[in-house]
Every structure is written in structure tokens, then in C-alpha cells.
Amino acid sequence: MVKPKIYWGVVLSNNKLKFPSEEWMARFVEELNKNEDYKEAAKDWEGDMILVVNAGPEVPKEYAFYVDLWHGQCRSYSSLPDRNAKKAEFVIEGPYSSWTKMISGEMDPIRALLGRKLKITGSMAKIMKNVSASSEFAKNSRRVPTEGVPG
């Protein structure tokens, strides 16, 4: 029997995880901090962000997660009661369908931002200067086994 991992107080399993959820975010951060491609691409990145899944048909309420990213590592993360509970350099938000398309690899993260499938508040110039870090951050979500998302 495989023992579940405990990461920042959240028990992780190899089963598919519900998105959005605290368990999914804990697994995302665990995978991000092990991801060598992200570490290399984001070695110069300094900034925090709030990721927002808008309320809609698939999710009854808005979900917001804070991540503090520093030189290829996530130093901390938390689930927020709402997007205004904390200030961050960036806010990236969108509907559940856009997030799950990005998680599955169906939608490129940079194209999602440029095509306004995901909305960003913050310096788009900084994102574009760090395209590879931004892209690797988003691609990391594919490492998380996610309910209802192929892969």
C-alpha cells in the first residue's frame, strides 16, 4: 500500500484531485517545488500572485489562492476567503473552463492571457519578459492529477 504524502498539513494522494481545492493547490505547490524546468526558468522571478477561479456554472463560488514565488520556488501559498483578502503583484483570473483547458494542455497559458481567456492584473511587460517562467508555472498544473481533466 502506498502511503499518502502530507504537505503543509494537507494529505496528498495519487488519486485525481478536485479543482479548485486546497488539496489540489497543495499538490500543485509540491510539484512546482520539485520541477527542475520551472526552477531554471524562474531563477530570476520575484513576485507573488493571486489565482482566481470565477464563480459560474461549474463552481458555485469564487475560489482564490495566493502564491509567493521567489527564484524558482514557491515560498508560501494559501487559500483565501476572497480575492481581496491579500494584496499581490499579480491577479490572474478566469472561468473554470479556461483553467481546466490550461491544466489539460488544451490551451497555452500565454495565449490564454493574450486572448483574454484569463485576465491579468499587474505588469504584462514583466510576464512577457519572463515568458518561460510564466509558461513553466502554468505547465506545472499538468503534473497534478485532476478530476474531470484528461491526462
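Every number here is computed from the coordinates shown, using simple stated rules; none is lab data. Everything quoted here is computed from the prediction, not taken from an experiment. Cβ coordinates were reconstructed from backbone atoms using ideal geometry, including for glycine residues, and neighbour counts include every protein chain displayed.
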Subject >> Taking only Cα atoms of the chain, radius of gyration then Dmax in Å >> reply: 14.5, 48
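Restricting to the range 5-143, compute how many DSSP beta bridges are antiparallel as a %, nearest 5. Let's see the in-between values first.
Values: 21 of 27 bridges.
Of the beta bridges lying entirely in the range 5-143, close to 80 percent run antiparallel.
Can you tell me the FRET efficiency between E36 and S97 if r is taken as the Cβ-Cβ distance and R0 is 25 Å, rounded to the nearest 0.05? Write out the running numbers ahead of the final one.
Details: r = 30 Å, r/R0 = 1.22.
So the FRET efficiency works out to roughly 0.25.
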**OP:** May I ask you to compute the full-extension gain from R142 to W70, defined as 0.36 nm times their residue separation minus their alpha-carbon distance, rounded to one decimal in nm?
**Re:** 23.8 nm
Subject >> Residue among A88, Q73, M107 farthest towards the positive dipole end of the range 5-143, charges placed on Cβ >> reply: M107
Original post:
Which far-off residues, 5 or more places away or on another chain, put their amide H under 5 Å from the one on W45, with H placed in the peptide plane?
Top reply: H71, G72
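What is the calculated FRET efficiency for E46 to K16, with r their C-beta to C-beta distance and R₀ = 35 Å, to the nearest 0.05?
E between E46 and K16, to the nearest 0.05, is 0.60.
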Original post:
Put +1 on the Cβ of each Lys and Arg and -1 on the Cβ of each Asp and Glu in the range 5-143; which of S132, A64, S97 then has its Cα farthest toward the positive end of the dipole?
Top reply: S97
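Considering Cα pairs under 8 angstrom that are at least six residues apart, work out the relative contact order of the range 5-143 and quote it in whole percent.
On the way: 229 pairs, mean separation 31.5, N = 139.
With pairs under 8 Å counted, the relative contact order is 23 percent.
What dipole magnitude, in Debye to the nearest 20, does the chain give about its Cα centre under +1 on Lys/Arg Cβ and -1 on Asp/Glu Cβ? Walk me through the numbers on the way to the answer.
Numbers: 23 positive and 20 negative charges, 27 e Å.
Computed charge dipole of the chain: roughly 140 debye.
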